[in-house]
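All remarks here apply to the structure that follows.
What follows is calculated from the coordinates using simple rules that are stated; it is not laboratory data. Worth saying up front: this structure is predicted, and the values here are computed from it rather than measured. Every residue, glycine among them, receives a Cβ derived from its backbone with ideal geometry; neighbour counts consider all protein chains shown.
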Amino acid sequence: MAENDVILETRGLTMRFGGVVAVNNVDFSMKEGELRCLIGPNGAGKSTFFKCLTRQYKPSAGQVFFRGADITSDITFQIARRGIGIKTQVPSVFDGLSVHENIWLSARRHHKTRAANKITDQIIERVGLGHATKQLVGRLAHGERQWVELGIVLTGEPKLILLDEPTAGMTGDEVGRTTELIREINRQAALIVVEHDMQFIKAIAQKVTVFHHGQILVEDTMINILSNQQVRDVYLGKHAV
Amino acid sequence: MDLIGIQIIQVLSGIATLALMGAGLAVIFGMMRVINFAHGEFMMLGGYVVIVCTEQFGINLWIAMLIIAPIFVGLVGLVFERILIRFLYGRMIDTLIATWGLSLFLIGVVTWIFGNVTRGVQTPLGAYSFGDYSEKVYTLVMIAFTVVIYLAIFIVLRRTKLGLIARGTMQNPNQASCLGVSPPRVYMVTFAVGAALTGLAGAILAPLNTVIPTIGVSYVAQAFITVITGGAAAFTGTVLASGVFGTVRQVISFEWTPILGQVFLLITAVILLRIFPTGITGRFFRRST
Amino acid sequence: MTDLMTSFRRFDSSRHGTWVVAGVMVVLLFILPVLDDPLLLLQVRYYISMIILALSMAFIWGFGGIMCFGQSMFFGLGGYAYAIAVGNFGESTAPFFLAMIVPALFAAFLGYFMFFGRLNDVYVAVITLAVTLALYYFINSTSGDEYTIGKARLMGFNGISSIRKFNWPGDSTALLSANHLFYFAMGLLIATYVGLKLLLGSTFGRVVVAVKENELRAELLGYDVRLYKLAVFVIGAAIAGLAGCLSINYKNFISPNAFHLSLAAQIIMWVLVGGVGTLLGPIIGCVVLLYVSFILGTGASGGGLNTYLIFGLIVMIFVLVIPQGIVPTLRDWREQGGRYRRMTAGAVLSMAEQLPASSRAPVRAFGERMLGLAPPSGHSGNKG
């Protein structure tokens with residue numbers, strides 16, 4: 001697993017809803033250990049792209065490769081088992097279960113009961129929810145539920161993590177902690193992060209991919225992206241309004 | 001030749017029966033996404049209206065069937081939409097259980113009034129012969145009614161302002177209310193119209209079936225299977241699914257037994273839903289006709 | 001009242017609650033035969049078979065989130081499997097197991113189509129309903145001689161009568177006495193209850209509840225939710241089949257009514273009234289409602305006017321007065337404050353709607369004030 005190996009690649013990935021093409025013929029590729037940011041105006045197809053990768057949607061056309069294997073026909077749970085974890089845009093957690101149970105269910109997938117208990121405690125410490133172990137996740141604040149979901153994803157020790165707006169609903173303080181955590185996670189896993197918060201992206205980004213109308217508009221470093229006129233037009237320009 | 005002719009008529013009548021059963025449900029379930037498990041009981045009420053009107057009050061059969069039955073059942077639907085259904089919009093499983101309670105309740109009320117006995121409506125118009133075979137004239141009338149009802153539904157939904165408002169509200173209640181339409185009222189009226197259509201279907205089918213308080217059970221499953229298999233485009237889908245199921249059931253019934261016909265209808269439905277989990281008519285379209 | 005419901009659910013899900021319930025069952029196991037009342041024992045055996053049926057539904061609906069509208073089909077299949085097998089073998093050991101295996105296999109077949117086809121809850125309800133009806137019609141039509149399996153005739157709408165009761169394993173001449181039949185039935189009830197409790201406490205059970213809570217997240221964790229749902233459905237079917245076979249040993253008779261929708265409906269009502277998501281609730285719901293319909297003068301599958309009318313009313317009222325819906329999440333159960341107030345406020349508000357215009361305003365204002373006082377509910381609507 002050399003640094004230069006491609007971890008994820010899509011070829012001609014397309015998702016149509018009736019007449020609307022949400023993801024249009026996307027050729028995307030990233031390497032092991034990379035931290036990629038995905039930006040673009042609302043409706044650019046970022047979340048749909050994530051849903052195609054995890055087979056929440058069945059792509060209309062195209063292929064997805066993960067570490068060289070064709071996973072296009074895999075279904076959601078198989079993709080998860082291959083080592084792709086996702087934090088969805090609206091936190092997808094077990095609202096009716098406690099923080100401990102949430103994390104434990106993730107840990108138990110990979111470990112025996114005793115080991116799972118131990119890992120659960122570690123992860124809860126790591127995401128800073130030690131005070132709420134027994135609380136029902138549904139009763140936590142939005143930001144905290146984000147942490148729970150992050151914890152769930154981390155527990156699975158995925159090789160590639162998809163984060164859809166991880167800082168939404170977080171306080172400035174929490175955003176800082178998330179930045180730290182993402183850098184830390186990146187030492188073990190590749191990441192794709194969808195975000196609207198430019199400060200946050202600046203803080204973590206190495207390479208940025210800009211989505212527009214379901215297609216990749218441009219792919220470059222953050223500095224170049226910021227000075228790219230095309231990007232300003234479609235994204236930053238609109239965003240500033 | 002006669003055999004083939006009579007078989008074609010029976011297949012058509014099978015298709016029409018299913019389409020008729022499904023019409024009201026296509027409005028209430030297909031368009032409004034309200035699970036109405038009392039669908040069969042609404043049909044049963046339609047049948048009883050015909051019996052009471054013709055036997056008790058001596059009203060003309062056709063008036064009872066085509067006018068009084070849909071109005072009465074539509075009103076019943078209106079009442080229960082107000083006191084039960086409207087609190088449960090968007091809660092599918094709850095609606096399912098509540099309307100199932102309603103179905104038990106209606107069976108109870110009708111049994112209380114009329115007793116748990118089988119009643120029949122004399123089939124009007126007699127029979128005609130088709131070579132060596134004879135068939136009820138009324139069967140042809142029923143097929144014709146079905147065609148007319150569906151044509152009327154399509155015209156109302158596609159060509160009138162009323163249909164446009166209904167379709168719009170079902171697709172996006174918030175947007176509709178921004179445009180000055182009152183979604184609760186549209187839902188109420190739509191539900192009542194669905195109930196009226198259901199009552200009409202029950203009344204039209206009454207002369208071909210027996211009428212008994214518990215008859216609804218035998219309608220509801222078939223109606224649901226048909227509408228569900230039809231999928232997102234409720235009426236087009238219901239017609240298509242009726243076509244498939246009616247043919248399968250009638251052919252099997254003819255070759256073997258009616259019971260096997262029912263069983264095969266079901267097997268076809270399960271297999272179709274395995275192939276098209278969201279119904280025959282498309283998975284991403286949110287069309288309403 | 002809300003505290004009462006919360007503590008009831010706590011009690012039901014706690015370990016000591018399990019001990020208490022199982023303990024009561026064990027006490028009944030020893031005390032009832034001592035009373036020396038054969039008629040009572042017979043009645044209790046009937047209730048036991050129904051309670052086991054209630055538990056099967058409590059499990060698949062309350063914990064697995066599967067709304068099966070035809071749990072009676074597995075009850076009927078279990079009963080018929082036993083009746084046909086015992087008629088052929090002249091011995092009850094294998095038939096007893098077949099009564100669970102046959103419904104389980106049928107559920108596996110049906111469940112494969114439903115869960116691997118990813119049909120949503122509502123479609124599952126409708127399909128189970130339709131299959132149950134089809135079985136009911138089919139069995140009703142098997143009165144002819146050609147419907148014979150081995151030595152046993154199906155008998156159609158007449159039903160199969162004088163079915164052999166249980167015998168000691170391996171000795172077909174040694175039939176169980178009335179007392180032993182009771183011990184056996186009660187023992188099975190205890191085993192079912194404790195078994196389900198153990199299952200729910202295991203990793204499997206926790207994943208099952210997780211799948212019910214959030215199917216997508218469970219799948220994103222790598223759990224094959226289709227398989228879990230199928231497993232729950234199959235286990236529920238086997239338990240319902242067990243109930244079917246026990247009910248035969250109560251009346252030596254089975255008819256197509258075992259498949260009847262009114263039974264399927266009653267099962268749902270037991271769970272609904274007792275509390276979806278508990279095991280003890282449906283047990284109580286089952287006993288109470290059976291007793292009610294006994295008092296109303298009809299049997300389990302009877303069709304008297306009052307049963308329909310009253311049960312219909314019960315169901316509608318239960319759905320309406322529980323504002324969060326009757327498929328509560330665990331969160332709702334454990335939620336302490338405000339719920340009762342919200343419930344009352346909801347009832348007051350809907351009452352206001354029914355009042356004449358002149359007196360509506362103050363009542364509505366009162367209801368709104370109650371709602372205003374209540375803490376924010378923190379969840380919107382139900383899934384589905």
Sites removed, the longest contiguous part of chain B containing no DSSP-loop chymotrypsin sites (Phe, Trp or Tyr not before Pro) with at most 16 other Cβ within 10 Å is B:58-255
Relative contact order in percent for chain B (Cα pairs under 8 Å, 6+ apart) equals 35 percent
Those GluC sites (Glu not before Pro) from region A:1-86 that are DSSP loop and have at most 12 other Cβ neighbours within 10 Å turn out to be A:Glu3
Counting only DSSP loop positions in region C:32-77, the chymotrypsin sites (Phe, Trp or Tyr not before Pro) whose Cβ has at most 11 other Cβ atoms within 10 Å are none
Checking region A:99-136 for trypsin sites (Lys or Arg not before Pro) in a loop per DSSP with at most 15 other beta-carbon atoms within 10 Å yields A:Lys112, A:Lys134
Expected integer from the mean partner chain Cβ neighbour count at 10 Å over C:62-72 is 1
quick note, the protein assembly as shown, DSSP beta bridge pairs, % antiparallel (nearest 5) is 65 percent
Share (percent) of C-alpha pair distances in the protein assembly as shown greater than 58 Å works out to 14 percent
Using alpha-carbon positions, the gyration tensor of region C:91-187 gives root eigenvalues a ≥ b ≥ c; with a/c under 1.5 called rounded, otherwise prolate if a/b exceeds b/c, else oblate, the class is oblate
Summed over the other residues with a beta carbon less than 11 angstrom from that of B:Tyr89, with K and R at +1 and D and E at -1, the charge totals +1
Checked against the positive end of the charge dipole of chain B (+1 on Cβ of Lys and Arg, -1 on Cβ of Asp and Glu, about the Cα centre), the farthest of B:Thr118, B:Pro277, B:Met21 is B:Pro277
In cubic angstrom per residue, the convex hull of region B:2-216 built on its Cα atoms measures 127 Å³
Averaged over residues of B:109-118, the number of beta carbons from other chains lying within 10 Å of each residue's Cβ is 3
Expressed as a whole number, the average count of other chain Cβ atoms within 10 Å around the Cβ atoms of B:50-63 is 0
Given B:158-170, C:21-33, the highest-first ranking by average Cβ count within 10 Å works out to B:158-170, C:21-33
Exposure proxy check on C:Thr173, B:Thr118, A:Thr88: fewest-to-most Cβ neighbours within 10 Å is C:Thr173, B:Thr118, A:Thr88
Descending packing, highest mean Cβ count within 10 Å first, for A:194-207, C:85-98, A:144-157 is A:144-157, C:85-98, A:194-207
